[in-house]
Every structure is written in structure tokens, then in C-alpha cells.
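Student: This is the structure, below, for whatever I ask next.
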Amino acid sequence: MLKYLLQKEFLQIRRNAFLPRLIFLFPIVMMCVIPWVMNQEVKNIRVCVVDNDRSVRSQQLVHRIEASSYFIFTGQQPTYADALHAIETSEADIVLVIPPDYSKGRGQVLIAANAVNGTKGSIGSGYLSQIVGAGPSTAPSTAALSTSSLSTRNVSSAAILSQPSTLTLYNPHQDYKVFMIPALFAILTMLMCGFLPTLNIVGEKEAGTIEQMNVTPVPKWAFILAKLIPYWLIALFIITACLVLSWAVYGITCQGPLGLVYLLAMLLALFFSSLGLIISNYSDTMQQAIFVMWFFVVCLMLLSGLFTPTRSMPDWAYLTTYVNPMHYFIDAIRTVFVRGGNFASIAHQVLALTLIGLTTATWAVASYRKNN
């Protein structure tokens, strides 16, 4: 019986003019485009300089800023007031003020950053402080410029000269693509295995074909399993395509066992396909199912640690990660893909994903009503 139900599902997917193209093209576009644009590394910071020293050393500092790939040098301003006006007119993001006695090792270099964009201002100030700290032992002072206030923080030269050296173990070149590609596995699995099952049953409800299934002696578990298995196979295809594209396009390969990557993908696909069927069981129209599924997808994704560390969340928000399968998957897939972890290092995440997936699958079977 299950064999013929699966045959019916694959025939429906194949005869659909849109789904086969989506299944093939969506992972290719995501893997070839998103890693280049989904990058939280701060670059192209516009810097203007007020050089009150006009010495060889100050010009060497200006040339080091010009040579940095993180900054766009917008020129020099005669006074600090003119430099602030450049920030107010969005012609510059950071102002560097060199004191008159910079070449003699006295005075402080002032770094004033536009803090309307806090991330860009703080990281840009940090970049510029490192460039200044590599020159003469003149300590920089940093200022964060917002719409209403100017706050200043002084940094001693001893603190700059005694900065500890760092050793990056798992991503030595600090390539953000290595961090984001495993996350794309989660996004693709979530979208393909979440929305497609959601629209499957609701589409049959709107077309009236589900009534033909309800009058047959097909058990509920067989009907739901026939709806789940095709999307698990789609998840396997997507992960395989992503691994191949990651190697072919970016030269990035999995550092751990590939079997663990497929295991994690199957467990996440089990959860999202089950969640999609649960939503479709309670929905009457396709529009209703899409909006409900989108609500859960956005919440699970933003609270998973995919973009920002979960430890930066408030305590009440961090508690949601204990029941968020995306959080367990992101943590485990980065452990395997980037760090080369083994099964023992992700056993906790695998157990959590299994329990959550089996719970939602049981709910999907129990919530299906044959008297629709």
C-alpha cells in the first residue's frame, strides 16, 4: 500500500510544472549567490583625516589607512569641525584626528565614529585603532558619535602594545563563507522540507482530491509517511548538491564525517516536514498555511543562533533554544563541517533532534482527520 502511495506522490511532483525546477535550481542559486552577499564582515568604511602634525610619520599613518582593504579614504579635512560636517552629510563614517606632536610621540590620536550604525562604528573604530597602534607609541582615543551625544574613551599605550596574539584553529583565513555555508544547509532544508509538505495536503483539500483518500482504508500513518518520505529524499538531494557546490565553487569541504551531515539533515527534514503536515492538517486554505508556516520559520531561524550568538540573547529568549531544533542543527553542523567533530561531540544535539522530530511526526499522524 505504501509503495503505491509513494508512487502517487512522485507522479504529482513530476507532473507539476514548477516543483522540479524549484528543487534543482533553488539550492544552486542559494549556494552560488548567498555566501557572497550574506557577509557580516564590515568593509568599505569611509575615513577622513585631520592631520595637525603634517610630518613624515603622520603621512605614513595616512598611507597605511589608504592601503587597508577595509577603508575608503575620502581625503583630508582642515579642521575637526569640517570632518564632523562630513559625517553629518554621510560623506564619511569615521574621522581620524592626528595631534600636532604625533611625530614626537606625544598627544593622543582621536578616532570619532558615527555610531548611528553601531556595528559599523564599533568595528571600524577597532580596525583603525589597530592601524594607529602599529605606528608610534601614541595612544588613540575613540569617540562614538550618535545623533544626540559624543562619548569618549581613552586607551593607554601600554594596553595597545601588550595586546595578546590570537591563533585561529578552525578557520585560519577567517573566511565568512566557511561560517555561513553550513547555515545554508539549514535554510534550504527548512524551506524545501517545510513549505512543500505544508502546501501538499492543503492543495489536495482545495482541489478536492483528498476526499478520495479519506474514503479508502489507508491507515493514517501510511498516508502521512507517504507525504514525508519524498521530502526526505529531496533533503538528501539538496545536501548532496550543497556539498558538491561548496567544494566546486569555494573549495570548502566538510572536515568531519559526511555521514553525520546526512544524519543531521534527515533529522531536521523529519521535523520540518512533520511541522508542515501539522500546519496543513489544521489549515483550510493555502494562504492560511503559508502565513502560519512563515511565522514558525522566521521565529525558529532568528532564535537559532544562525546569524548571531545565542548567548547574546536575554535569559528569557535563550530558554527558547532548548526546544528549537534549528539551534541544535546549527550547532551540530558547524561542529562537524568546520571543526571536524565526531559523533560523540554532537550526541546531545542528535538526541534532541531525534526527540523533537519523533514528537512532531507523532503529532502529524494524530492530527490528520480522515473525516475532512
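Student: Looking at the structure I just gave you, is Leu275 out of contact with any Phe, Trp or Tyr (no Cβ under 8 Å at 6 or more places or on another chain), over 15 Å from Gln349 (Cα atoms), among the hydrophobic types (A, V, I, L, M, F, W, C) and buried (at least 20 other Cβ atoms within 10 Å of the Cβ)?
Tutor: no
Student: Tell me the residue from Ile279, Ile356, Ile330 that is of a type in the set (A, V, I, L, M) and closer than 30 Å to Glu41 by Cβ, please.
Tutor: Of the residues listed, the single one that is of a type in the set (A, V, I, L, M) and closer than 30 Å to Glu41 by Cβ is Ile330.
Student: Here is a further query. So is Ile98 within 13 Å of Asn52 (Cα to Cα), of a type outside the set (Asp, Glu) and touching a Leu at 6+ places or on another chain (Cβ under 8 Å) or not?
Tutor: yes
Student: Is it the case that segment 297-304 has a residue that's farther than 19 Å from Gly357 by Cβ and either in contact (Cβ under 8 Å) with a residue 60 or more places away in the chain or of a type outside the set (D, E, K, R) (or both)?
Tutor: Yes.
Student: Kindly provide the set of residues from segment 69-96 that are of a type outside the set (A, V, I, L, M, F, W, C), in contact with a Lys or Arg (Cβ under 8 Å, 6 or more places away or on another chain) and part of a strand (DSSP E or B), ordered by number.
Tutor: Thr74
Student: Of Leu233, Leu264, which residue is of a type outside the set (Asp, Glu), surrounded by fewer than 21 Cβ atoms within 10 Å (Cβ to Cβ) and assigned to a helix (DSSP H, G or I)?
Tutor: So the residue among Leu233, Leu264 that is of a type outside the set (Asp, Glu), surrounded by fewer than 21 Cβ atoms within 10 Å (Cβ to Cβ) and assigned to a helix (DSSP H, G or I) is Leu233.
Student: Answer with yes or no whether Thr285 is in contact with a helix residue (DSSP H, G or I) (Cβ under 9 Å, 6 or more places away or on another chain) and surrounded by 13 or more Cβ atoms within 10 Å (Cβ to Cβ).
Tutor: When the stated conditions are applied, Thr285 does not pass them.
Student: When the residues of segment 245-258 are filtered to those that are under 20 Å from the mean Cα position of the chain (by Cα) and free of Cβ contacts under 8 Å to residues at least 12 places away in the same chain, which remaining residue is surrounded by the most Cβ atoms within 10 Å (Cβ to Cβ)?
Tutor: The extreme case among them is Trp247.
Student: Would you please name the residue that is nearest to Ser103 (Cα to Cα), looking only at residues in segment 1-59 that are part of a loop (DSSP other than H, G, I, E, B), of a type in the set (A, V, I, L, M) and touching a residue at least 24 places away in the same chain (Cβ under 8 Å)?
Tutor: Val42
Student: Using beta carbons and a limit of 7 Å, which pairs, at least six apart or on different chains, have the first residue in segment 75-100 and within 9 Å of Val47 (Cα to Cα) and the second one among the polar types (S, T, N, Q) and assigned to a helix (DSSP H, G or I)?
Tutor: As it stands, the answer is Ile94/Ser125, since those pairs meet every condition given.
Student: Another question, then. Please work out if Thr321 is at pLDDT 85 or above and surrounded by fewer than 20 Cβ atoms within 10 Å (Cβ to Cβ).
Tutor: Against the criterion (at pLDDT 85 or above and surrounded by fewer than 20 Cβ atoms within 10 Å (Cβ to Cβ)), Thr321 qualifies.
Student: Separate question: Taking segment 103-117 as the region of interest, how many residues are surrounded by fewer than 18 Cβ atoms within 10 Å (Cβ to Cβ) and either acidic (Asp, Glu) or under 16 Å from Val42 (Cα atoms) (or both)?
Tutor: So the answer is 2.
Student: Okay, next question. Go through Pro100, Pro164, Pro172 for me and flag whichever is of a type outside the set (D, E, K, R), part of a loop (DSSP other than H, G, I, E, B), at pLDDT 80 or above and surrounded by fewer than 17 Cβ atoms within 10 Å (Cβ to Cβ).
Tutor: Within the list Pro100, Pro164, Pro172, the selection yields Pro100.
Student: For segment 118-137, check the following and say yes or no: at least one residue is assigned to a loop (DSSP other than H, G, I, E, B), buried (at least 17 other Cβ atoms within 10 Å of the Cβ) and among the aliphatic types (A, V, I, L, M).
Tutor: no
Student: Scan segment 12-23 residue by residue and report those that are aliphatic (A, V, I, L, M), exposed (fewer than 11 other Cβ atoms within 10 Å of the Cβ) and at pLDDT 80 or above.
Tutor: none
The values are calculated or read from the model by the stated rules, or taken from the named source; none is laboratory data. On a predicted model such as this, the values are computed, not experimentally measured, just so you know. Because the Cβ atoms are built from the backbone with ideal geometry, glycine has one as well, and the counts that use them run over all protein chains shown.
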